[in-house]
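Note sheet for the following structure.
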Amino acid sequence: MDQDPSSSGGWRFAQCFGDKGDVDDITEADIISTVEFDHTGDYLATGDKGGRVVLFERNQSKKGCEYKFYTEFQSHEPEFDYLKSLEIEEKINQIKWCPRQNSAHFILSTNDKTIKLWKVFEKSLRVVSENNLNDGQRPLPPPTSASALRLPRLQQQDNIIAATPRKVYANAHAYHINSISINSDGETYISADDLRINLWNLGISNESFNIVDIKPVNMEELTEVITAAEFHPLHCNLFMYSSSKGTIKLADMREAALCDKYAKMFEEEEDPSNRSFFSEIISSISDVKFSRDGRYILSRDYLSLKIWDTKMESRPIRTIQIHDHLRGKLCDLYENDCIFDKFECTFSGDGSHVMTGSYHNYFRIYDVDGSSDVILQADKSAFKTAKKDLSQKPALPMDTVDFSKKILHGSWHPRENTVAIAATNNLFIWSGPEVQAITPAADMSPTAA
């Protein structure tokens, strides 16, 4: 790519997968709905609205961080719930890589109702090379005695990548699944829908344990829903979940079988002078992530990105305004439903940077100490050969924002400054400044922030 790395924070476009045609020609099923690196960063998975999972493998023959197609399989099919007369979309909501224990990969994928565990492995194709009637390509006369009979010989013809479903975890959620998260013990995972969180053992598909249930007896009293959930990266007893009320709750499974009573709640009190009709909608948290060491929490709501210290519940240690320029357009955004868009967020592998998406195919990378802010655009402009002058931070367009182009999903390489960005039906790979090794996260205490 030909952007000057010195003027874009050291970030440069590396690759793009997918059809590069006009937005009007895009098939709904081809729109990417989730992106996830594995624990090594050597593999990358995407899921789309057509229920397909596509895997990419790092191209070791290249010096930079480049990927090549590995395999593709149909994970989910459209279904129909006859009891509720509801269509169940095949769209992949999330993909998670299980820790690798042998040459095969194990991947969890989920749509709104069903979670599947897939085994992806290399399979050797063999063909019969010799038998009683043929010696390779040369025909043989039929054997005339039992002693002339010989066993057929097999010869390896090719290696293929196969994907088989090992477990199907179904019928455990009455509402749409929004999150799955694998525990650090490598044996269990949680799945969260709007009102409940279930705990599963990866080896048992017909039984799960309900560990959070916020469903009121009378549904008319419902005031909030669960929006995301994630296990702590180090402590297998801790997990967090966020809500549409803008709160993040940290729960400890050692305290009780049902974790309705949280251990900590992270919430920032709203300024009453800023309250409006849209306050509850824009304060809803769309995504939460732990830093790699589990010390910090990153949360994303419609207008901002917040970094929390797990030792301080009263307020975030840093708030980054993402869509402050859209605050005056909330009425229009409500009318076109864009106000309900769910943007994801992620920490870098070393915890020193955070990333989230925006409209017009922009995504933004921030230094956690506030020293830098890089804005990049994942669209056709990345293919242009002419260098751009990015010496000044590009301004987000105010009046010409294309709300149909949005970066909702992204993932950060666990060991390098490489990010994978889903832009409609395209997967963009961007590479940043080299890092020597993953080090502990920067000091983000309130004084430092």
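Based on Cβ point charges of +1 for Lys and Arg and -1 for Asp and Glu, what charge dipole magnitude is obtained for the chain about its Cα centre, in debye rounded to the nearest 20?
Magnitude of the dipole: close to 1600 debye.
Considering the dipole of the chain built from charges on the beta carbon (Lys and Arg +1, Asp and Glu -1) around the Cα centre, which of G410, A174, S243 is farthest to its positive end?
Of the candidates, G410 comes out farthest on the positive side.
Could you give the length gained by full extension between L149 and E57, i.e. 0.36 nm per residue of separation minus their alpha carbon distance, to one decimal place?
Gain on extension, L149 to E57, equals 28.6 nm.
How large is ³J(HN,Hα) for each residue in the stretch 108-122, as worked out from phi by the Karplus curve 6.51 cos²θ - 1.76 cosθ + 1.60 (θ = phi - 60°), to whole Hz, x for Gly and Pro?
9, 10, 9, 9, 5, 10, 10, 9, 10, 9, 10, 9, 10, 8, 7
Take the Cα pairs of the chain, get the Kirkwood Rh, then feed it into Stokes-Einstein at 20 °C and 1.002 mPa s and tell me D in µm²/s.
The Stokes-Einstein estimate is 90 µm²/s.
Summarise the long-distance tail of P(r) for the stretch 110-154 by giving the % of C-alpha pairs beyond 16 Å.
60
For L303, tell me the accessible area in Å² from a 1.4 Å probe, rounded to the nearest 10.
The value for L303 is about 10 Å².
Among L151, G47, N361, whose Cα lies farthest out toward the positive end of the dipole of the chain, if unit charges sit on the beta carbon of Lys, Arg (+1) and Asp, Glu (-1)?
L151
If you find the alpha carbon centre of the stretch 287-344 and of the stretch 64-90, how far apart are they in angstrom?
28
Could you check how much of the accessible area of the chain is carbon and sulfur, as a whole percent, using a 1.4 Å probe?
That fraction is 48 percent.
Could you order the peptides 126-134, 179-187 from most to least packed, using the average number of other C-beta atoms within 10 Å per residue?
Most protected by this proxy first, the peptides run 179-187, 126-134.
So what is the orientation-averaged projected area of the stretch 97-235, using the convex hull of its C-alpha atoms, in nm²?
Mean orientational projected area (the stretch 97-235, Cα hull): 13.4 nm².
So if I take the alpha carbon set of the stretch 218-293, get Rg, then get Rh from the Kirkwood formula, what is the Rg over Rh ratio?
Taking Rh as the inverse mean 1/r over Cα pairs, Rg/Rh reads 1.02.
Filter K91/K116; K91/K113; K264/K311; K215/K261; K245/K306; K91/K289 down to the pairs with a C-alpha to C-alpha distance above 19 Å, please.
Pairs exceeding 19 Å: K91/K289.
Using a 1.4 Å probe, what is the accessible area per residue for the stretch 92-213, in Å²?
I get 54 Å² per residue for this part.
Can you compute the charge dipole magnitude of the stretch 201-313 about its Cα centre, using +1 on each Lys and Arg Cβ and -1 on each Asp and Glu Cβ, nothing else charged? Give it in debye, rounded to the nearest 20.
Here the size comes out at about 420 debye.
For the chain, calculate the relative contact order in percent as a whole number, restricting contacts to Cα pairs under 8 Å that are 6 or more residues apart.
Relative CO of the chain lands at 14 percent.
How high is the relative contact order of the stretch 273-379, in percent, counting Cα pairs under 8 Å that sit 6 or more residues apart?
That works out to 19 percent.
So for the pair I161, D367, with labels modelled 7 Å out along Cα→Cβ, what separation do we get in nm?
It is 3.7 nm.
Set the Förster distance to 25 Å, then compute FRET efficiency between A256 and L83 from the Cβ-Cβ distance, nearest 0.05.
0.20
The values are calculated or read from the model by the stated rules, or taken from the named source; none is laboratory data. What you see is a predicted model; the values in this text were computed from it and never measured. Neighbour counts are summed over all protein chains in view; Cβ atoms, including those assigned to glycine, are modelled from backbone coordinates with ideal geometry. Heads up: the accessible areas ignore ligands, DNA and RNA and are worked out on the full protein's heavy atoms, side chains in. Shrake-Rupley method; radii C 1.70, N 1.55, O 1.52, S 1.80 Å.
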